[in-house]
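The values are calculated or read from the model by the stated rules, or taken from the named source; none is laboratory data. Predicted model only: the values in this text are computed from it and were never measured. All Cβ positions, even for glycine, are placed from backbone atoms using ideal geometry, and neighbour counts span all protein chains on display.
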């Protein structure tokens, strides 16, 4: 019921924008002595009509649009429009230009007033990730990743324009650019050292988008705060239960890496690695090593026999080749004797190659002694074998309410690294040692977490049925994809998603107050509109990504559900777009009437009705076709979400 109410508010809101637009035309036309025949809100069959001051007022069944019918805008009998003295074309060109301009200018004025009201009211509440310049996740298969760009790095310019947030990436993904330039700087997470970068890269289809052709250079998501948004009761049955996490904790570090996004945290959780504490001479250090099934390693018979003895000693069940281990030969006391070769040379190269920008990834050497695995002290190799059979995730959180409280969007990026790096390092270097500590200042080391897949969670029969229904619907949608390659890729993504390990954490981002001044908001919308129009007319932007009346109603409907300020903002954006688009010099639109009036002023004689008709009718056909096309795309998107 609430959703229907907001939908009605959205329709009424759009009706208001149309009404004030047409009211602008009406008011100036009356002032210029033009005769108004009808004023309609909406199109189609009138559902309510009345007459006032010689004007027929109508509210029609389709609320997406409207018009003011001024006398003489169409040929009446044998008379030319300009022969009707109190008609639109019977007036001077400048008078007609004023009438045509009035509607768009009212929409522009409405937008400025709303932007001013929002600014005076303190702005809107948004998420940090919408405005950050930091990268949250980079495609590991991309050229950008090979060049060393990682989560946490900062984008300053994208496509030769100042970078203002992830929305710029979304706009770029819709454009058919063959190459993209990205400028910014890399940040060492532990020292804070910055290194500038400037790359021009080829774009490719985003592999995460199996239905639409969206281009990317490999930046998949913005950075965000990962704040635990739950209560103790929410932890029951979750992998995170018993770890020591508390509400409002911010996940800062996991398994050797600073964490900048949910995608990165998910990737770390699903890496088959072990976090080892190692003694090399008098030095103790932490490192990540691959955790590999023995069937993927090239082992001699004595080596297999020794691990078989360890399996027997620990009482591990199952086949030896199914057990996990690290690609090193060890003595019974965890001392590294040599490397173990992989069956797949490619996997071996990946396991032992130098890791770019990895603080905690040091290959083991002969004589190194493993003293702890995933934070748990061990003395013997059979204990290591047993520990490696279960994937553990080591997590450090920040417990500092002031660091996650609401802040201005202009300050949030600068506050992102406001944690004590010395405290973080002291926690990490203590992991698995005799002097391990569980907190340093506001930073806390959680107990090792054992992630689970969705199928391992304890679900009620109702939850299980809902999950099965959701899975069946997703498979049905994937099967409808016509392109075999995309269909296969989508199925693979779905299968991987079902097997993915998760921590069971409800996470939220940090709230920021977004409150640019009215001029800045106005400029931002104008720039976005201009980029959209140039992309559309140049062919770089596919029209299917644009929203028609149905899509616009959906956006306003969603914004009403967020709050009044969000709804007002989107109404202002739509109003400003309505004003700008109507000024395009296209027959049928207000800009077309202005163009005709300017031509008449230059030629010193009016255009004939037949000439205008020949110019207008083709554009009417194109406009109707475009309207039908984008409405179809709107409905297809909505139905897809509904299903």
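Checking each residue in segment 592-611 for being in a helix (DSSP H, G or I) and surrounded by 19 or more Cβ atoms within 10 Å (Cβ to Cβ) picks out 592, 593, 594, 596, 597.
When segment 24-56 is limited to residues that are free of Cβ contacts under 8 Å to residues at least 12 places away in the same chain and either outside the structural domain of residue 88 (by TED's automatic domain parsing) or assigned to a strand (DSSP E or B) (or both), the one that is surrounded by the most Cβ atoms within 10 Å (Cβ to Cβ) turns out to be 49.
For every residue, the table says whether it meets (1) assigned by TED's automatic domain parsing to the domain that holds residue 595; (2) part of a loop (DSSP other than H, G, I, E, B); (3) crowded, with 16+ Cβ neighbours inside 10 Å; (4) touching a helix residue (DSSP H, G or I) at 6+ places or on another chain (Cβ under 6 Å).
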{"position": "58", "(1), (2), (3), (4)": "yes, no, yes, no"}
{"position": "72", "(1), (2), (3), (4)": "yes, yes, yes, yes"}
{"position": "101", "(1), (2), (3), (4)": "yes, no, yes, no"}
{"position": "105", "(1), (2), (3), (4)": "yes, no, yes, no"}
{"position": "119", "(1), (2), (3), (4)": "yes, no, yes, yes"}
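Kindly indicate the residue of segment 326-361 that is within 26 Å of residue 193 (Cβ to Cβ) and without any contact (Cβ under 8 Å) to a residue 60 or more places away in the chain and also surrounded by the fewest Cβ atoms within 10 Å (Cβ to Cβ) among those meeting that condition.
First, pick out the residues of segment 326-361 that are within 26 Å of residue 193 (Cβ to Cβ): 353-361.
Still in the list and also without any contact (Cβ under 8 Å) to a residue 60 or more places away in the chain: 353-355.
Working: 353: 10, 354: 8, 355: 14.
Among residues in segment 326-361 that are within 26 Å of residue 193 (Cβ to Cβ) and without any contact (Cβ under 8 Å) to a residue 60 or more places away in the chain, the one surrounded by the fewest Cβ atoms within 10 Å (Cβ to Cβ) is 354.
Only one of the numbered conditions (1) within 23 Å of residue 262 (Cβ to Cβ); (2) modelled with pLDDT of 85 or more; (3) surrounded by fewer than 21 Cβ atoms within 10 Å (Cβ to Cβ) is violated by residue 224, and that is (3). Considering segment 180-211, the residues that are in contact (Cβ under 8 Å) with a residue 60 or more places away in the chain and touching a helix residue (DSSP H, G or I) at 6+ places or on another chain (Cβ under 8 Å) include one that is farthest from residue 418 (Cα to Cα), namely 211.
For segment 278-287, name all the residues that are part of a strand (DSSP E or B) and either within 37 Å of the chain's Cα centre (by Cα) or surrounded by fewer than 16 Cβ atoms within 10 Å (Cβ to Cβ) (or both).
To start, the set of residues in segment 278-287 that are part of a strand (DSSP E or B) comprises 278-280, 283-287.
Selection gives 280, 283, 285, 286, 287.
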